[in-house]
Every structure is written in structure tokens, then in C-alpha cells.
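Below: one structure, written as C-alpha cells.
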Amino acid sequence: QSALHFLELDRALFKVDVQSCERGATGEDSVSFLFSSTGATPMELSRCASGGELSRIMLCLKEMMGRFVGMPTMIFDEIDTGVSGSVADKMGRMICTMGTHMQVFAITHLPQVAAKGDAHYLVSKSEDQSGRVVSSIRLLDSESRIREIARLLSGEVITPAALANARELLGF
């Protein structure tokens with residue numbers, strides 16, 4: 001709950017309800033995740049959480065798993081979906097903290113999250129001469145990182161203001 005509060009769900013309640021059930025293919029326990037963003041009585045997570053809340057809950061659960069299970073690597077594919085602004089910034093900080101004791105790859109479209117990484121790779125797709133779609137990945141240098149963060153901030157036309165904001169986000 002403290003991690004959820006850090007991610008600006010100040011009144012959130014999260015509970016895990018474990019009930020014994022008849023042993024079967026899925027085990028002998030029935031597990032339900034209960035949630036309330038307002039401090040009201042928690043209910044089944046799938047019935048009440050928004051997309052942004054689900055992203056934050058998932059990051060908090062993964063952060064705990066990484067800390068207590070001792071996982072060597074974690075890959076996030078847009079775990080920051082449905083958030084922006086200061087929440088995105090805090091999610092980026094949480095992901096970076098995880099990176100102090102494990103390897104973390106974060107696929108994101110949010111400049112607040114992307115700017116927090118130690119290294120930045122650009123993944124792109126193109127069509128080859130035979131019509132096959134080919135994915136490529138390349139490590140970005142400092143100047144390319146600035147331009148990519150600026151592109152995330154401003155879109156197709158990279159403005160001087162976006163470049164200045166990108167430099168500030170990156171600490172350059």
C-alpha cells in the first residue's frame with residue numbers, strides 16, 4: 001500500500017484474499033485481489049480499477065517480487081500505460097530503484113520514464129524489399145537520446161522547446 005501511495009493513490013487499499021478450496025488443477029487455494037482507490041471497502045480488482053490504476057498496481061507487485069524473490073532481470077512492456085505527468089515520473093523513479101539490484105528493461109512511450117534509464121535503445125520496424133517487416137534495435141548516444149526524448153515530447157516536429165525539455169529531463 002505504501003508503494004501505491006507513492007504512486008499518487010493516496011487512499012488506496014489493496015488486499016489479497018486467500019480461501020481454501022477443493023484441490024484441483026489450479027491448486028487448493030482461491031486467490032482474489034481486492035482494491036479500492038478511495039479508501040472504501042475493497043472489491044474485486046477487475047471490477048473497479050482503471051487502466052492507470054492497474055498499471056500502478058502491477059508495477060508495485062513486480063517491484064515487491066523483484067525485491068523478495070531475487071529475480072535477476074525484469075522486462076516491462078508499457079507498464080506505464082494510462083498514466084502521465086508526476087505519476088509517470090514516480091513510476092520511472094521506482095523502475096530505476098529496481099535497477100539498483102537487478103537488470104530492468106522498460107519499453108515505454110513516456111518521456112518521463114524513458115529519460116530515467118542508464119541506456120536508451122530505439123526499437124524500429126521497417127519493411128524490407130520482399131515486404132517482410134523487420135525489427136531493429138540500436139543504442140542511442142547522448143545527442144540521439146535528447147532527440148528521441150524530444151520526439152516523445154513533441155511528435156513529428158521537434159521544437160527547440162522540446163529539445164530543451166528533453167535535456168532537462170535527461171539531466172544534460
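The values are calculated or read from the model by the stated rules, or taken from the named source; none is laboratory data. If you're wondering where the values come from, they're calculated on a predicted model, not measured in any experiment. Cβ placement follows ideal geometry from the backbone for every residue including glycine, while neighbour counts extend to all protein chains displayed. Note: accessible area is taken over every heavy atom of the protein model, side chains too, but ligands, DNA and RNA are not part of it. Shrake-Rupley method; radii C 1.70, N 1.55, O 1.52, S 1.80 Å.
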Inset, instruction - Enter the angle in degrees (range 0 to 90, nearest 10) between the Cα long axis of helix 85-98 and the first principal axis of the Cα atoms of the chain, meaning the one along which they spread out most. - result: 80 degrees
Legend entry - Where the chain is the region considered: accessible area per residue in Å², 1.4 Å probe: 63 Å²
Legend entry - Ellipticity estimate at 222 nm from DSSP helix runs (n ≥ 4, -39,500 (n - 2.57)) divided over the chain, nearest 500: -12000 deg cm²/dmol
Inset, instruction - At a Cα cut-off below 18 Å, give the lysines reachable from K15, other chains included and same-chain residues fewer than 8 away excluded. - result: K62
Inset, instruction - Treat each spin label as a single point 7 Å out from the Cα along the C-beta direction, and report the T81 to L34 distance in nm. - result: 2.8 nm
Legend entry - Inter-centroid distance (Cα atoms) of the range 17-36 relative to the range 52-119, Å: 27 Å
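Show E8, E148 ordered by accessible area, largest first, where the area counts protein heavy atoms only and the probe is 1.4 Å.
Sorted by accessible area, descending: E8, E148.
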Legend entry - Percentage relative contact order, the range 1-113, counting C-alpha pairs under 8 Å, at least six apart: 21 percent
Legend entry - Sequence-distant residues sharing a close amide H with A106 (under 5 Å, placed H): F76
Legend entry - Whole-percent carbon and sulfur share, accessible surface of the chain, 1.4 Å: 52 percent
Legend entry - Heavy-atom SASA rank of F14, F76, F105 (probe 1.4 Å, accessible area, largest first): F105, F14, F76
